[in-house]
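The values are calculated or read from the model by the stated rules, or taken from the named source; none is laboratory data. This one's a predicted model, so the numbers in the text were calculated from it and none came from an experiment. All Cβ positions, glycine included, derive from the backbone under ideal geometry; neighbour counts span all protein chains shown. Protein only, heavy atoms only, side chains kept; ligands, DNA and RNA dropped before computing areas. Shrake-Rupley method; radii C 1.70, N 1.55, O 1.52, S 1.80 Å.
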Amino acid sequence: MRKLPRGTVTFLFTDIEGSTRLLHELGQEKYAAKLAEHRRVLRDTFTRHGGAEVDTQGDAFFVAFPTAPGALAAAREGQEALSIPVRMGIHTGTPLLTEEGYVGPDVHRAARIAAAGHGRQVLVSAATAALLDSSNNALLDLGEHRLKDLSAPERIYQAGEGEFPRLKTLYQTNLPVPATPFLGRERELADVDALVGRDDVRLLTLAGAGGSGKTRLALQAAGAAADAYPQGVWWVALASVQDPADVFSAAMRALGGGESLAELIGDRGLLLLLDNFEHVIGAAPQVAALLASCPRLDILVTSRERLNVGGEQVYPVPVLERSDSRNLFVSRARAARPDFEPDERVDELCARLDDLPLALELAAARTSLLTTAQLLDRLGQRLDLLRGGRDAETRQQTLRATIEWSYELLTPEEQELLAALSVFRGGWTLESAERVCEADLELEQSLLDKSLVRRTESGRFLMLETIREFAAERLEPKHRDQLLRRLLEALTETFEGANLRPDSPGPPAMELAQEERPNVDVALRWATEAGQASAGLRLLWMLEMYWGTNDPVSGRERLDALIEVAVDELDPGEHARALRFRGATYDMTNENALAELEYERGIELFRSLGDEEEADHLRHRVAYAALRQGDLERAVQLASELLELDRRRGNMRDEAVALNILGTAAFTEGDRTDGVRLAHESASVAARAGFAWWRGVTLLQTAEWLMTTGDLEAAQRDYLEGLQTLESVSDQVNLPIALLAGAVIAAAGGEAVRAGTLWGAVESLAEREPRPTTIAGLREYEEYVEGIRGPDFDQGRTRGRTLSLEAAVRVALGT
């Protein structure tokens with residue numbers, strides 16, 4: 001072996017793509033000759049450019065270069081000289097050089113980049129690209145990609161202009177990026193990978209004690225299996241779900257929404273990871289039924305107990321191997337104290353902690369204060385004291401002892417705050433901790449430093465669920481009620497200005513609602529159980545747009561539960577608003593007849609209260625429901641009558657709705673002139689009223705109607721204005737439909753590449769976030785792009801499938 005370079009090193013990994021297939025095609029003798037030629041060519045090339053061969057296995061090379069330009073030049077020259085498909089990956093870092101070779105994440109990163117490519121393709125990391133002379137080494141930016149080690153996205157470049165299939169990276173997934181690298185577990189990961197890959201295993205449960213590393217192992221296995229699932233791998237976090245009946249709702253949210261999980265999945269080939277299932281075990285029969293309904297679905301579950309249903313394969317997650325346990329402890333200890341050096345008692349400490357990952361992390365967090373010997377002294381007393389009886393689940397007992405030991409090291413003030421924070425589900429912000437728990441900044445920082453609280457990339461805070469459960473046990477019932485009351489009040493204040501009510505003037509804060517949904521569920525459940533229906537309804541109504549566009553069925557269920565406990569105290573005004581809310585949830589599930597019944601009852605109540613304007617607002621909704629049911633005559637009659645009332649009252653929001661209904665009816669009856677006039681008037685009135693969302697939807701509808709008449713110039717004007725407006729309010733439902741409309745306009749204008757780009761972007765989005773409206777839009781608009789399909793369309797479609805929704809909107813806007 002040549003002397004290996006130190007310091008900043010550029011790694012080059014290569015291997016032959018499809019070597020097994022090539023062996024069968026060429027036969028043993030010809031393949032052996034090709035392999036020998038391949039090795040000779042590459043070794044000569046590497047040597048000329050200063051490369052040092054680190055390792056060779058089969059048809060793969062691992063080479064280190066002292067410079068990035070040398071590595072790239074070797075890769076390019078080697079590819080030109082080879083006659084067989086070899087893929088190459090280049091990455092630069094500062095690895096540790098030991099007697100046994102290089103150590104560090106940069107080695108793994110280079111190998112992952114190479115594995116993501118295709119034969120005759122050279123991939124380059126951002127770290128390497130930054131060291132190259134752009135004038136002499138032009139690279140093609142392939143964008144950000146998530147590699148299968150579940151690390152943060154890596155920007156990858158391609159050397160050369162060749163066209164290749166999509167990189168073999170994670171692109172259809174919501175798997176979270178872990179805060180720390182995956183260590184060890186090679187044997188367990190191989191076992192789980194083998195089980196996931198078996199055709200006869202469709203339901204695999206990783207079972208083990210809390211804190212044994214089930215989730216981390218499952219995430220890693222799911223990422224590694226991504227190539228086998230055309231429609232991706234999807235993570236469903238169940239820690240914050242309290243009711244087994246809500247498991248499928250959580251899964252539907254992860255997949256992008258829908259009315260039925262079985263219908264949403266259908267025959268799509270995907271892997272669903274249901275994480276932390278033990279407290280919703282009552283949903284196990286529904287999981288089995290889902291598998292029976294969806295022939296290409298596989299499910300991976302993490303749970304403290306098996307599901308005990310037919311077809312289940314259980315993999316008991318063991319404790320860590322001692323070497324892995326030691327490495328994990330030392331790695332986390334150095335994160336707390338960079339100069340930490342392991343001594344001869346680390347193995348003893350790992351043994352006393354039963355090699356449980358969570359226990360090791362909690363102990364490692366204390367190395368900034370305590371030595372290994374001190375940790376053993378403090379730990380031993382409590383483990384011996386708190387160990388359960390012979391019939392107790394040992395690992396669960398030792399984990400509880402570990403948490404209790406860490407808890408008892410806290411000051412009384414820290415203990416009180418930890419218990420108070422347990423009321424949150426799904427995380428919290430610093431402000432909400434101060435508002436609900438009266439959290440002191442220094443105390444929360446202390447809990448963060450001691451790994452009892454964690455900070456996410458988004459800036460929110462959370463506790464491991466096991467720790468949260470332990471902390472919740474320390475909370476007195478009276479104090480818990482006080483905290484939950486404050487949580488309800490805090491959420492109500494938070495959403496006061498979130499523009500999620502139907503009459504809100506600004507853009508809706510949908511992301512805030514998504515983040516706080518678990519806490520909203522907790523608060524609404526408490527309001528129901530505590531008989532605080534009025535307070536719960538106030539919060540519910542502040543999120544009316546969220547429930548309607550994200551989870552109308554759950555919104556209706558929560559409303560009905562609150563009304564049931566408030567039969568005697570619900571005043572007529574609250575009852576009327578409840579009917580309006582329920583009607584909207586039916587509207588959003590296309591149950592327009594049921595929506596109309598709720599609206600009619602609401603109209604009667606509002607009129608009995610003397611609130612004619614609110615009653616008339618619901619009459620607009622009745623007219624819209626009639627329109628969607630095909631009753632044009634009734635819709636037009638109602639909308640015409642209401643339009644006069646709206647104008648007399650100066651109610652521009654309802655005026656805009658009435659004009660939209662009349663315009664849509666005119667278009668439907670073939671009156672293009674009146675339809676355009678009324679639609680434009682609706683959009684103008686909505687703009688003056690601050691009703692931006694309605695303006696965007698109306699202009700998009702108008703563009704779609706104009707397209708059917710062949711007036712592409714007018715359609716393009718309305719389309720661009722509508723798209724800009726929908727982008728400004730982050731309408732995630734209508735933006736994909738707008739992109740499809742843009743593809744049709746581009747196709748009609750002969751712009752094949754542009755049409756294909758927008759079409760491909762929506763196809764990819766439908767796979768990542770399969771909303772029923774997006775899928776229906778693809779079917780509806782397909783006939784309008786058939787005539788322009790061809791090489792140029794396909795070229796754009798390939799590019800479009802790599803774009804995010806935001807990037808595709810910029811393409812559609814020409815920006």
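Quick notes on this structure:
- If only residues of the stretch 64-92 that are among the polar types (S, T, N, Q) and under 20 Å from ASP106 (Cα atoms) are counted, the one that is most open to solvent (accessible area, probe 1.4 Å) is THR67.
- Residue match in the stretch 201-223 (condition: over 30 Å from ARG187 (Cα atoms), touching a Lys or Arg at 6+ places or on another chain (Cβ under 9 Å) and not polar (S, T, N, Q)): no
Residue-by-condition table, conditions (1) under 28 Å from TRP234 (Cβ atoms); (2) modelled with pLDDT of 90 or more; (3) outside any helix (DSSP H, G or I):
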residue: ALA747; (1), (2), (3): no, yes, no
residue: GLY750; (1), (2), (3): no, yes, yes
residue: GLY777; (1), (2), (3): yes, no, no
residue: GLU786; (1), (2), (3): no, yes, no
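- From PRO770, PRO791, residue being open to solvent by less than 10 Å² (accessible area, probe 1.4 Å) and not aromatic (Phe, Trp, Tyr): PRO770
- The stretch 799-813 - residue that is in contact (Cβ under 8 Å) with a residue 60 or more places away in the chain and assigned to a helix (DSSP H, G or I) and, of those, most open to solvent (accessible area, probe 1.4 Å): LEU813
- The single condition among (1) surrounded by fewer than 20 Cβ atoms within 10 Å (Cβ to Cβ); (2) at pLDDT 85 or above; (3) within 30 Å of GLU469 (Cβ to Cβ) that PRO181 does not satisfy is (2).
- Checking each residue of the stretch 523-536 against the condition of being within 30 Å of GLU727 (Cβ to Cβ) and not aromatic (Phe, Trp, Tyr) gives no match.
- Restricting attention to the stretch 614-649 and to residues that are open to solvent by 80 Å² or more (accessible area, probe 1.4 Å) and touching a residue at least 12 places away in the same chain (Cβ under 8 Å), the residue that is farthest from LEU579 (Cα to Cα) turns out to be ARG649.
- Members of the stretch 115-147 that are small (Gly, Ala, Ser), assigned to a loop (DSSP other than H, G, I, E, B) and farther than 30 Å from ALA228 by Cα: ALA130, SER134, SER135, ALA138
- With respect to being at negative phi, hydroxyl-bearing (Ser, Thr, Tyr) and within 27 Å of the chain's Cα centre (by Cα), SER125 fits the description.
- Checked against the criterion of being under 35 Å from the mean Cα position of the chain (by Cα) and surrounded by 16 or more Cβ atoms within 10 Å (Cβ to Cβ), the candidates PRO95, PRO5 yield just one match: PRO95.
- Figure legend. Inter-residue proximity from the stretch 106-126: first residues surrounded by 18 or more Cβ atoms within 10 Å (Cβ to Cβ), second residues polar (S, T, N, Q) and in a helix (DSSP H, G or I), beta-carbon distance below 7 Å, spacing 6+ or different chains. Indicated pairs: VAL122/GLN79.
- Counting only strands (runs of 3 or more DSSP E) that sit completely within the stretch 1-114, those holding 1 or more residues that are closer than 24 Å to LYS148 by Cβ and of a type in the set (Gly, Ala, Ser) correspond to 60-65, 86-93, 101-103.
- Taking the stretch 183-214 as the range and being in contact with a strand residue (DSSP E or B) (Cβ under 9 Å, 6 or more places away or on another chain) and over 18 Å from ASP354 (Cα atoms) as the test, the residues that pass are ASP191, VAL192, LEU195, VAL196, ARG198, ASP200, VAL201, ARG202, LEU203, LEU204, THR205, LEU206.
- Failed criterion for LEU131 (all others in (1) open to solvent by 50 Å² or more (accessible area, probe 1.4 Å); (2) free of Cβ contacts under 8 Å to residues at least 60 places away in the same chain; (3) hydrophobic (A, V, I, L, M, F, W, C) hold): (2)
- From the list LEU447, LEU483, LEU491, the one residue that fits, being under 19 Å from ALA363 (Cα atoms), under 30 Å from the mean Cα position of the chain (by Cα), open to solvent by less than 20 Å² (accessible area, probe 1.4 Å) and at pLDDT 80 or above, is LEU447.
- Selected residue (criterion: surrounded by the most Cβ atoms within 10 Å (Cβ to Cβ)) from residues of the stretch 159-178 that are more than 14 Å from GLY143 (Cβ to Cβ) and charged (D, E, K, R): LYS168
- On inspection, GLU713 does not qualify as among the charged types (D, E, K, R), at pLDDT below 95, surrounded by 20 or more Cβ atoms within 10 Å (Cβ to Cβ) and part of a helix (DSSP H, G or I).
- Within the stretch 690-710, the set of residues being among the small types (Gly, Ala, Ser), over 19 Å from GLU783 (Cβ atoms) and in a helix (DSSP H, G or I) comprises ALA692, GLY696.
- Meets criteria (open to solvent by 10 Å² or more (accessible area, probe 1.4 Å), more than 28 Å from ALA513 (Cβ to Cβ) and part of a helix (DSSP H, G or I)) for LEU291: yes
- Residues located in the stretch 227-260, provided they are hydrophobic (A, V, I, L, M, F, W, C), more than 25 Å from GLU469 (Cα to Cα) and surrounded by fewer than 20 Cβ atoms within 10 Å (Cβ to Cβ): ALA228
- Checked against the criteria, PHE61 counts as crowded, with 21+ Cβ neighbours inside 10 Å and farther than 19 Å from ALA129 by Cβ.
- In the stretch 494-514, the residues that are outside any loop (DSSP other than H, G, I, E, B) and open to solvent by 30 Å² or more (accessible area, probe 1.4 Å): THR494, GLU496, GLY497, MET510, GLU511, LEU512, GLN514
- Qualifying positions in the stretch 650-677 - over 40 Å from the mean Cα position of the chain (by Cα) and buried (at least 24 other Cβ atoms within 10 Å of the Cβ): none
- Scanning the stretch 630-660 for residues that are polar (S, T, N, Q) and closer than 26 Å to HIS575 by Cα turns up just one, ASN651.
- Residue that is most open to solvent (accessible area, probe 1.4 Å) [pool: residues in the stretch 450-480 that are small (Gly, Ala, Ser) and touching a residue at least 60 places away in the same chain (Cβ under 8 Å)]: SER451
A quick yes/no check of all residues on (1) open to solvent by 70 Å² or more (accessible area, probe 1.4 Å); (2) in a helix (DSSP H, G or I); (3) touching a residue at least 60 places away in the same chain (Cβ under 8 Å); (4) more than 18 Å from MET542 (Cα to Cα):
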{"site": "LEU570", "(1), (2), (3), (4)": "no, no, no, no"}
{"site": "GLY573", "(1), (2), (3), (4)": "no, yes, no, no"}
{"site": "ALA593", "(1), (2), (3), (4)": "no, yes, no, yes"}
{"site": "LEU597", "(1), (2), (3), (4)": "yes, yes, no, yes"}
{"site": "ARG607", "(1), (2), (3), (4)": "yes, yes, no, yes"}
{"site": "GLY610", "(1), (2), (3), (4)": "no, no, no, yes"}
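- Residues satisfying the stated conditions in the stretch 752-764, i.e. open to solvent by 10 Å² or more (accessible area, probe 1.4 Å) and either in contact with a helix residue (DSSP H, G or I) (Cβ under 6 Å, 6 or more places away or on another chain) or at pLDDT below 90 (or both): ALA752, VAL753, ARG754
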